Amino acid sequence: MRAIVYEEFNGPIGIRSVSKPSPGPGEVILKVEATGVCRSDWHGWQGHDSAITSLPHVPGHEMAGELSDIGDEVPDWSPGDRVVVPFVAGCGVCEMCLQGDPQVCPNQEQPGFTQWGSFAEYVKIPYANHNLVTLPSSIDFVTAVSLGCRFTTAYRAVVDRANVKRGEWLAVHGCGGVGLSAVMIGVWQGARVVAIDINPGALELAQSLGAEVTVDGSGDVSAEVQTATGGGAHVSIDAVGSAGVVLNSIGALRRRGRHVQVGLLTGTETPTQIPMDRVIAWELDLLGSHGAQASLFSHLFAMIDNSQLDPSRLVTRRLSLELGAAALEKFDSEPTPGIAVIEPWN
């Protein structure tokens, strides 16, 4: 099969012919019809993710397609089934999975990180019985991938972790895929959204999705958000992953506000000066959010069918494998608003 491959961190990214994977017990092979290009894939290529332990590597963790091959001990699925999967594959049997939190499963697998991913014509899905989600015929593969990790991650961060309420101010720091998803979901929740980014095109897209206020991220972000919201945001989300953005997000909160960390922080980006005096005095909540459960997809599918949410609006580019490799390489240096989706058979 054809796949996007890199053989060294921050090294050349190219298209290679590699062996098609075979399923083991409890596994299936997915024929990839669409896969999203995410900042986390860029972090992996840069060597920032400790889950990638061997090279060469095939990235890609947002995927939708049809089942190709079914391994033993996967009785309920057949070749040709249309599916989508969460980027965190929980084992299904540990304490976290059994209580409904597979996104923090200690035995989790992540295609694109712990194993080869979906920037290829085929990808192996582990723990298939617990992670495959039937994709309704009413939803196309590109829309399904726009849910990917970014929309579901943002939904869990905004709705489940932060519990954003109608009328509250929500500050979204970084208007990439996760941030724009958070803007859309926050507006749907009835929040008043402040979008922050250094890219004017990203701010324009955020405004088109319902952001009430936009802020240039190169300025005094905390002060501007405090002024725009009349005392600070009730909820502030770091959707980038940067030491400076973490501090901006916490500084943008009002008393008893909630900061949610979604963006991946590398070792060199970990902030060392969290203002714990303010956290204590203002009773701020600092929350982490990591992915979402497979069970969330069916809820989102219903909302899409009912025209409550349209994550396909976030998709701005549909790419071949060759163009997808170039997009990954330029992800940080030449950011483009919205979500890029690779269609490997294009």
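The values are calculated or read from the model by the stated rules, or taken from the named source; none is laboratory data. Keep in mind it's a predicted model, so treat the numbers as computed, not measured. Please note: Cβ atoms are built from the backbone with ideal geometry, for glycine as well, and neighbour counts cover all protein chains shown.
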Residue hits (region 305-331; in a strand (DSSP E or B) and either of a type in the set (Ser, Thr, Tyr) or buried (at least 17 other Cβ atoms within 10 Å of the Cβ) (or both)) are 315, 316, 319
Could you check how many residues of region 2-52 are in a loop (DSSP other than H, G, I, E, B), surrounded by 17 or more Cβ atoms within 10 Å (Cβ to Cβ) and touching a Ser or Thr at 6+ places or on another chain (Cβ under 7 Å)? 1
Counting only residues that are assigned to a helix (DSSP H, G or I) and without any contact (Cβ under 8 Å) to a residue 24 or more places away in the chain, which one in region 198-207 is surrounded by the fewest Cβ atoms within 10 Å (Cβ to Cβ)? 200
Selection status of residue 15, at pLDDT 95 or above and within 24 Å of residue 316 (Cα to Cα): yes
Subset of region 173-199, residues small (Gly, Ala, Ser) and in contact with a Phe, Trp or Tyr (Cβ under 6 Å, 6 or more places away or on another chain), comes to 181
Do you know which of the residues in region 134-165 that are over 17 Å from the mean Cα position of the chain (by Cα) and over 23 Å from residue 261 (Cβ atoms) is surrounded by the fewest Cβ atoms within 10 Å (Cβ to Cβ)? 137
Taking region 185-197 as the region of interest, how many residues are over 17 Å from residue 232 (Cα atoms) and either touching a strand residue (DSSP E or B) at 6+ places or on another chain (Cβ under 7 Å) or buried (at least 24 other Cβ atoms within 10 Å of the Cβ) (or both)? 3
In region 114-121, is there at least one residue being closer than 17 Å to residue 292 by Cβ, at pLDDT 95 or above and of a type in the set (A, V, I, L, M)? no
Those residues of region 86-123 which are among the hydrophobic types (A, V, I, L, M, F, W, C) and over 23 Å from residue 262 (Cβ atoms) amount to 91, 93, 94, 98, 116, 120, 123
